[in-house]
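Trainee: One structure follows; several queries about it will come next.
Nothing in this text is a laboratory measurement; each read-out follows from the coordinates by a stated rule. Just so it is clear, the structure is predicted and the values come from calculations on it, not from any experiment. Here Cβ is always computed from backbone atoms with ideal geometry, including for glycine, and neighbour counts include all displayed protein chains.
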Ligand code: C5P
């Protein structure tokens, strides 16, 4: 997450994540699942602009980042955003838990596709906690922000750590930062159909003999690319493909590309290919774009 101050405005760039490994350990009594997962932040960013709103209101507007600007200087490409928007929820939670009456206008410029398993909404929520803590002068400690993060969603806490990669357990709480010894390059495809996290989890079964992320962690630390590619694993991939059979086509097309390995991220529907170099990622992206299997992005580990 990158934060810049421009006068009274705070601008935050906040990344997407990929799950390089995701195992389901057990279903919990609260309806969630205990996981072992490796999350990696990648350079596909949403940009959020925060300005104090003197009326005390919380106003959030979402825009397609690619849409440009109108003649009156306002952003074009407005997207619909309801009360369930995690930015609204994060701002409201901060107000409720601190008692502040201050308001904010947030413009969210979306690049991270929704319903993709890339945690764009969670990343925006983490950015909101950090930015409003500063803008509203709340002085909340990181650990207090982490507590609020877990109330907003399972993936929010990862983005607050600012880690490029982390091993996460439980609902998805980061337990160990991972230092990568080399950058990783990805091509990411968001198929036309998105998937709901809750629906995919409702359709999954805990694995009787769970795999461990440990070998992958060692390979990430030592930058062993071929072994990282072999260690990619997501226990939600099959349940997701049962719910959305067209995902099999995405996998087939990705398997025909010169990628080192491929996987679905989180609860989908986005898939990624791990590439040896940025040039290879760009080449594969051009081919996937012509194949017309969805929106295509190239991103590097942060
Ligand atoms: O935490 P978040 O709101 O992103 O989760 C959305 C839904 O995904 C949850 O309501 C739950 O049904 C499911 N989920 C789960 N186990 C997790 C994370 C999410 O079952 N570890």
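Trainee: With r defined as the distance between the Cβ atoms of residue 295 and residue 242 and R0 fixed at 25 Å, what FRET efficiency is calculated, to the nearest 0.05? Write out the running numbers ahead of the final one.
Mentor: On the way: r = 23 Å, r/R0 = 0.93.
Step by step, r from the Cβ atoms, then E = 0.60.
Trainee: Next question, about the same structure. Take the alpha carbon gyration tensor of region 43-120, find the square roots of its eigenvalues, order them as a ≥ b ≥ c, and report rounded if a/c is under 1.5; if not, report prolate when a/b exceeds b/c, else oblate. If you can, show how the numbers build up before the last one.
Mentor: Details: a/c = 2.42, a/b = 1.32, b/c = 1.83.
In terms of gyration-tensor shape, oblate.
Trainee: OK, next. For the pair residue 9 and residue 59, how long in nm is the line joining their label points, each one 7 Å along Cα→Cβ?
Mentor: 1.4
Trainee: Here is a further query. Can you tell me the alpha carbon radius of gyration of region 130-189 divided by the globular rule-of-thumb value 2.2 N^0.38 Å? Don't skip to the answer; put the middle values down first.
Mentor: Details: Rg = 13.8 Å, N = 60, 2.2 N^0.38 = 10.4 Å.
Normalised Cα radius of gyration, region 130-189: 1.32.
Trainee: Just need the relative contact order of region 222-302 here, percent rounded to a whole number, with Cα pairs under 8 Å and 6+ apart.
Mentor: Working: 77 pairs, mean separation 20.0, N = 81.
It comes to 25 percent, rounded to a whole number.
Trainee: What is the distance in Å between the Cα centroid of region 156-189 and that of region 33-104?
Mentor: When both Cα centres are located, 22 Å separates them.
Trainee: Okay, next question. When only Cα pairs under 8 Å and 6 or more residues apart are kept, what is the percent relative contact order across the chain? Don't jump to the answer; show the numbers that get you there.
Mentor: Details: 661 pairs, mean separation 67.1, N = 302.
Taking the mean separation of contacting Cα pairs over the length of the chain, I get 22 percent.
Trainee: Have a look at 245, 208, 174 and tell me which one the Gaussian network model of the chain (Cα, springs below 10 Å) gives the largest fluctuation.
Mentor: 208
Trainee: Name the most mobile residue of 146, 256, 89, meaning the one with the largest mean-square fluctuation, in a Gaussian network model of the chain with Cα contacts below 10 Å.
Mentor: It is 256.
Trainee: Run the paramagnetic zone check for residue 25: 7 angstrom along Cα to Cβ, then residues of region 150-186 with backbone nitrogen under 14 Å.
Mentor: 167-176
Trainee: Same structure again: So if I take the alpha carbon set of the chain, get Rg, then get Rh from the Kirkwood formula, what is the Rg over Rh ratio?
Mentor: 0.97
Trainee: Quick one: if you stick a label point 7 Å off each Cα along the C-beta vector at residue 101 and residue 283, how many nm between them?
Mentor: Placing both labels 7 Å beyond Cα along the Cβ direction yields 6.3 nm.
Trainee: Counting every Cα pair in region 184-302, what percent are over 23 Å apart?
Mentor: On the way: 2231 of 7021 pairs.
Percent of Cα pairs beyond 23 Å in region 184-302: 32.
Trainee: Using only Cα atoms, find the angle between the long axis of helix 278-291 and the longest principal axis of the chain, and express it within 0 to 90 degrees, rounded to the nearest 10.
Mentor: That works out to roughly 90 degrees.
Trainee: So how much slack lies between residue 72 and residue 196, counting 0.36 nm per residue of separation and subtracting their Cα-Cα distance, in nm?
Mentor: Values: separation 124, 0.36 × 124 = 44.64 nm, distance 3.68 nm.
Contour length minus Cα-Cα distance gives 41.0 nm.
Trainee: By count of other Cβ within 10 Å, fewest leading, how are 32, 185, 233 ordered? Each step should come with its number before you reach the end.
Mentor: Details: 32 14, 185 25, 233 18.
Ranking 32, 185, 233 by Cβ neighbours within 10 Å, fewest first, gives 32, 233, 185.
Trainee: Right, another one. Determine the relative contact order of region 1-154: mean sequence separation of Cα pairs under 8 Å and six or more apart, normalised by residue count, in whole percent.
Mentor: Details: 278 pairs, mean separation 38.9, N = 154.
Reported relative contact order: 25 percent.
Trainee: Using helices alone, what [θ] at 222 nm do you get for the chain, with -39,500 (n - 2.57) per DSSP H run of 4 or more residues, divided over all residues and rounded to the nearest 500? Intermediate results must be reported in sequence, preceding the final value.
Mentor: Numbers: 10 runs with 98 residues, N = 302.
For the chain, the value works out to -9500 deg cm²/dmol.
Trainee: As a footprinting exposure proxy, order 284, 250 by other Cβ within 10 Å, with the fewest listed first. Write down the numbers at each step before the final one.
Mentor: On the way: 284 22, 250 26.
Taking fewest neighbouring Cβ atoms as first place, the list is 284, 250.
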